[in-house]
Amino acid sequence: MSEVRYPFTAIVGMADLRLGLLLNAVSPAVGGVLVRGEKGTAKSTMVRALAGLLPAIAVVDGCRFACDPAGPDPQCPDGPHATFGSHQRPSQLVELPVGVAEDRIVGSLDLERALAEGVKAYEPGLLAKAHRGVLYIDEVNLLQDHVVDLLLDAAAMGRSYVEREGVSVRHAARFLLVGTMNPEEGELRPQLLDRFGLTVEIAATREPAERAEVVRRRLAYDADPAGFADRFAAEERELAEHITAARELLSKVELTDVALRQITAVCAAFEVDGLRADIVMARTAVALAAWAGRTEVLEEDVRKAAQLALPHRRRRNPFDAPGLDEEQLDRTLEEHAQPEEPEVEPDPEPEGDGPEPDGDGPDGGGDGGPGDGGPDGGGAPEPADGAAPEPAATDTEAPEPQPVPAQHPSPARESAPVAAGDPYRTRLFTVQGTGHGAQGRRSPAETTGGHTVRARRPQGALSRLHLTATLQAAAPHQVARGRAGRALVLHKDDFREQVRQGRESNLVLFVVDASGSMAARQRMTAVKGAVLSLLMDAYQRRDKIGMITFRGADAELALPPTSSVEVGAARLETLPTGGRTPLAAGLLRAHEVLRVERLRDPNRRPLLVVVTDGRATGGRDALARSQRAATLFAAQGTASVVLDCESGPVRLGLARTLAGLLGGSAVSLDELRAEGVASLVRANRPVSTSIRKAA
């Protein structure tokens, strides 16, 4: 890979992304930018190209934390910087890998030296390296939640904290935060979306001429990176000078009362939570004015700031797509485009003996005339001259007959998709035992967070010291080691680390019956609403999900295991029904999917959710084949839940029989709602104990 960066000015199109990055370069206080878009749209290329445009910075000689000589950090671990030299260096671009550990981000403290020698031996992390530069997170939606929280907290406060057993290190960490993500691979939680100042949606152009120019420039860069960069060197210098000039102008820009009122009115009109949106919009509008070379914020700045700062804050539930109603935005801006006029108190009425206005006059209130509906307000307006009055509707007219939709379509015929019912909060289903998967919010697991449950010898570098266990291990050997004075004599074998238990995310695999036996419209609406509710629960618990549907003659992998719960909800919405019920095919397909996923990610434990009434048709011994397939999951200890969709006065109990063969539990649609259970803890206990530990 060439060390010559692709020029920022050579990128074709993507005006909003270009503007969002440049505004953050002018004013890092805007809060960074989140770039959402499909794969292969040059998101990473543009972010890396931006770093080459940022002005060089002055840093203190020998300082690992890039302290500014004009105002060094008083808490800098390499300080104090009483007398120092300085030098200029380019702004840093720090890229954060997806699998990065917390200690690599904030830095690590050598606890062994801290306890044995009493010194703070601190190794800076990526946040220290990114100080006064750019921190770039590719695929930010794939990072663990606690890592994203840590990054966004540092970006908001401008400072990084490292706390280890009473030993703390703090240093400045102010950087331009840029995250990129592909929504198809999973969404960020709304709380985390809100922490990004701006968001930009991008997609590849569909214009053949533009696509051809993109390919032409990329091939030219690959053939001769240095020569290609030279072609755009003048434009790059001009853009860098523009950024520097806008930074100098930023402090002189005036945010007028009218512009501020428009900003707050827009945020109130779009019902965004909290006040962060107002602050971000104000900073963005000021940066827009500075970028345009003006010293006053105009309405056009406020409009563009809203388009960049509000779309990702409009989400009201996990499946809402970011967006902004442009007509509502224009109306709100127009309504508050003028300065408020002070309220003028009305003059008191004169104390005269003049006659009161007559109600029958042109300005009077009328006295029950034909034009005002009379005392009851029930009158109708008079017809125009020469027009016959409309006949009044009577109760004796027979309504036109309306066609009655079929409630039970034929099992052999496919019916159109029906909408899902409203989602609701569901009961919690967990995998029994303690796992070691990625942090989440579903099943118990050993994690880097959570509460301490025990101590053990360090496995690798010591990061979370268990102080009590360490002292207990060292205490019996102090005499033999010749301890003198108050200091302990510690050996490497004495150290113990904490084992913490939190919760992990799981792979929730849905196997949904879409056959004719499920095709009644009201019933399928309730079933889809239940699955949608479980999908929302999986989203909130940070699970991966997959979906298999079976109908007709076979089963289909409608959604391969992914973190994008939104895609699962979209597939569910368009799910057709009809045909026979190949339950065995659905279970066998699920067994194969889980086998492959165990090879890919052995630490992520699965939870199988079968949505069916338990019936099986199609072929000889269909029910017996489905029951034999169910025993495969029980043999592997796969945690499972059957959502029993059987309804009607006569019930065969096939779904509950299937649950027993799976080694799991069966829950009816009515029992799924969390708010419908008198005691959530008691209600969940049978479910949890009946789910076997996953392999």
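The values are calculated or read from the model by the stated rules, or taken from the named source; none is laboratory data. Source: prediction; values computed, not measured. Cβ atoms come from the backbone with ideal geometry, glycine included; neighbour counts cover every protein chain shown. Protein only, heavy atoms only, side chains kept; ligands, DNA and RNA dropped before computing areas. Shrake-Rupley method; radii C 1.70, N 1.55, O 1.52, S 1.80 Å.
Annotations for the structure displayed:
- Applying 1/(1 + (r/R0)^6) with r as the Cβ-Cβ distance of Gln540 and Val479 and R0 = 51 angstrom yields a FRET efficiency of 0.40.
- Solvent-accessible area per residue in the range 1-90 equals 42 Å², computed with a 1.4 angstrom probe and all protein chains kept.
- Counted charge near Tyr539, where neighbours are those whose Cβ lies closer than 9 Å (Asp, Glu -1; Lys, Arg +1): -1
- For the range 503-574 versus the range 28-62, the inter-centroid distance based on Cα atoms is 38 Å.
- Gyration tensor verdict on the range 622-673 (Cα atoms; rounded if a/c is under 1.5, prolate if a/b is larger than b/c, oblate otherwise): oblate
- On a per residue basis, the range 243-328 carries 45 Å² of accessible surface, using protein heavy atoms and a 1.4 Å probe.
- Taking only the Cα atoms of the range 428-506, the radius of gyration and Dmax are 16.8, 56 Å.
- Accessible surface of the range 166-218 [probe 1.4 Å, protein heavy atoms]: carbon and sulfur percent: 49 percent
- Sulfur and carbon atoms: percent of accessible area, the range 497-537 [1.4 Å]: 42 percent
- Heavy atoms of Arg48: accessible area, 1.4 Å probe, square angstrom to 10: 70 Å²
- Take His336: with every protein chain present and a 1.4 Å probe, its accessible area is about 50 Å².
- Estimated vicinal HN-Hα couplings, Hz - the range 651-660 in sequence order (Karplus 6.51, -1.76, 1.60; Gly, Pro = x): 10, 8, x, 5, 5, 6, 5, 4, 4, x
- Rolling a 1.4 Å probe over the protein heavy atoms leaves Ile202 with an accessible area of roughly 20 Å².
- For the range 541-603: rounded, prolate or oblate by the Cα gyration tensor [a/c cutoff 1.5]: oblate
- The range 173-248 and the range 599-624 have Cα centres spaced 45 Å apart.
- A cut-off of 5 Å between modelled amide H atoms, ignoring neighbours fewer than 5 places along the same chain, links Val642 with Val610, Ser665, Ala666, Val667.
- Our coupling estimate for the range 33-45, obtained by passing each phi through the Karplus curve with A = 6.51, B = -1.76, C = 1.60 and θ = phi - 60°, is 9, 9, 9, 10, x, 5, 5, x, 10, 6, 4, 5, 4 Hz, Gly and Pro reported as x.
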